[in-house]
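A short write-up of the structure that comes next.
The values are calculated or read from the model by the stated rules, or taken from the named source; none is laboratory data. Values in this document were obtained by computation on a predicted structure and should not be read as measured data. Here the Cβ is made from the backbone with ideal geometry for all residues, glycine too, and neighbour counts use every protein chain on show.
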Amino acid sequence: MTERDANMAHRHVLSLLDLTSSEVRRVLFLAAELKSKFKRGVRPSVLNGQVLALLFQKQSLRTRVSFESGIRHLGGSSLYLADDVGFGKREPTQDIATILGSYVDAIVFRGYRHQDCVDLAKFAPCPVINGLTDHSHPCQALADALTIMEAFVEETANQRPITVTYIGDGNNVARSLGEVCGHLGWRFRLASPAAYALEPEFYAQLSERFPQASFKAYTDPVAAATDAHVLYTDVWTSMGQEAERAERLVAFAPFQVNSKLLSIANPAAIFLHCLPAIRGEEVSADVIDGPHSRIYPQAENRMHAQKGLLYWLLHDRFCNEA
Ligand code: CP
Ligand code: NVA
């Protein structure tokens, strides 16, 4: 394969480590451009006729609707495929990936096992985007970064360090947030009970790939939250972990994001949550519904960020490299 063929080949987004830092910045730039156009009533039809399949094993509000609306704004259309496809039950992943990928231009997969997403990408003749697995949630992290950049315009424009503190479960959302912080040269801190930390190899991998950023694990939420620009949390029990809920409630009890924790962060700190949230568990109602919260712009940004991703993946790459 020549370098040009490689450039023209389809790309998968299984995690944000599949993109270079300049590609992540390009996607975020496109997202901001498309958002600004959208607010002015402009919807460029660059993906006219293109079809996006959403193959979902789990429930979704944000990921599903933001992708379905986003592709329509860009002139394309979407197909929502849930349990009726029989993914994992009716036929091998290889057959589903090969056939589905011959009908559509890209597949968004939301599932339990990350390996299923990897297998889909192995066989699909089109890009596969991870719409959440047990391993990561890259589309969420793109929207998170866009929201942080909007809140700290001067700092991000002048490449001043931003401290992003995630308090809670070292899960899919936390992992992708760490990755986007790496790409953007930010300081990522994660405070969790020791049993729910992200694996040390993950920190080692990020530190090696992104020497301009920093990554630190904590078991003390106070130390992690001190002077942070962003306080971020997610549910303590993710989809598929419902049987562990009682023990998780006990383990995570000291890790609630509340006004006391917020008071030691940077005075301009913002609160983020991927949603859905449980008020009174991982976050107190006064914080999530208070003046520092950016949860609704963050959720809206899912759509703008994914439009940037679709634009880059299915259009921009080919324009630039042709
Ligand atoms: N944050 C997020 O992915 O939301 P949904 O589960 O509603 O898609
Ligand atoms: N960690 C959560 C995120 C939901 C958007 C889950 O996987 O259920």
Checklist outcome for this item: Conditions (1) farther than 30 Å from A277 by Cβ; (2) touching a helix residue (DSSP H, G or I) at 6+ places or on another chain (Cβ under 7 Å); (3) buried (at least 18 other Cβ atoms within 10 Å of the Cβ) -> G76 fails only (2)
Checklist outcome for this item: Residue count, the range 1-21, condition out of contact with any helix residue (DSSP H, G or I) (no Cβ under 6 Å at 6 or more places or on another chain) and either surrounded by fewer than 10 Cβ atoms within 10 Å (Cβ to Cβ) or at pLDDT below 95 (or both), comes to 9
Checklist entry - Can you find even one residue in the range 233-251 that is touching a Phe, Trp or Tyr at 6+ places or on another chain (Cβ under 8 Å), on the phi < 0 side of the Ramachandran plot, assigned to a strand (DSSP E or B) and within 16 Å of ligand 1 (Cβ to nearest atom)? => result yes
Next on the checklist: Looking only at the range 120-165, count every residue that is within 14 Å of ligand 1 (Cβ to nearest atom) and of a type in the set (S, T, Y) and tell me the total.
Outcome noted: 3
Checklist entry - Residues of the range 236-267 being among the small types (G, A, S), without any contact (Cβ under 8 Å) to a residue 40 or more places away in the chain and in contact with a helix residue (DSSP H, G or I) (Cβ under 8 Å, 6 or more places away or on another chain), which ones? => result S259
Next on the checklist: I'd like to check something: does the range 66-75 contain any residue that is in contact (Cβ under 8 Å) with a residue 40 or more places away in the chain and more than 16 Å from ligand 1 (Cβ to nearest atom)?
Outcome noted: yes
Item to check | Within the range 84-119, considering residues that are within 16 Å of ligand 1 (Cβ to nearest atom) and in a helix (DSSP H, G or I), the one nearest to V65 (Cα to Cα) | outcome: C117
Checklist entry - Is it true that T156 is modelled with pLDDT under 95 and assigned to a helix (DSSP H, G or I)? => result yes
Next on the checklist: Testing L79 on (1) more than 20 Å from R317 (Cβ to Cβ); (2) aliphatic (A, V, I, L, M); (3) part of a helix (DSSP H, G or I); (4) touching a strand residue (DSSP E or B) at 6+ places or on another chain (Cβ under 7 Å), one condition comes back false. Which one is that?
Outcome noted: (3)
Checklist entry - In the set I167, I162, I129, which member is closer than 21 Å to Q59 by Cβ and among the β-branched types (V, I, T)? => result I129
Item to check | Filter result for V230 (more than 16 Å from ligand 2 (Cβ to nearest atom) and surrounded by fewer than 22 Cβ atoms within 10 Å (Cβ to Cβ)) | outcome: no
Next on the checklist: Being in contact with a helix residue (DSSP H, G or I) (Cβ under 9 Å, 6 or more places away or on another chain) and within 16 Å of ligand 2 (Cβ to nearest atom) is the filter here; which residues of the range 28-59 pass it?
Outcome noted: L54, F56, Q57
Next on the checklist: Suppose we keep only residues that are surrounded by 24 or more Cβ atoms within 10 Å (Cβ to Cβ) and either assigned to a helix (DSSP H, G or I) or of a type in the set (D, E, K, R) (or both) within the range 159-174. Which one would you say is nearest to the chain's Cα centre (by Cα)?
Outcome noted: V173
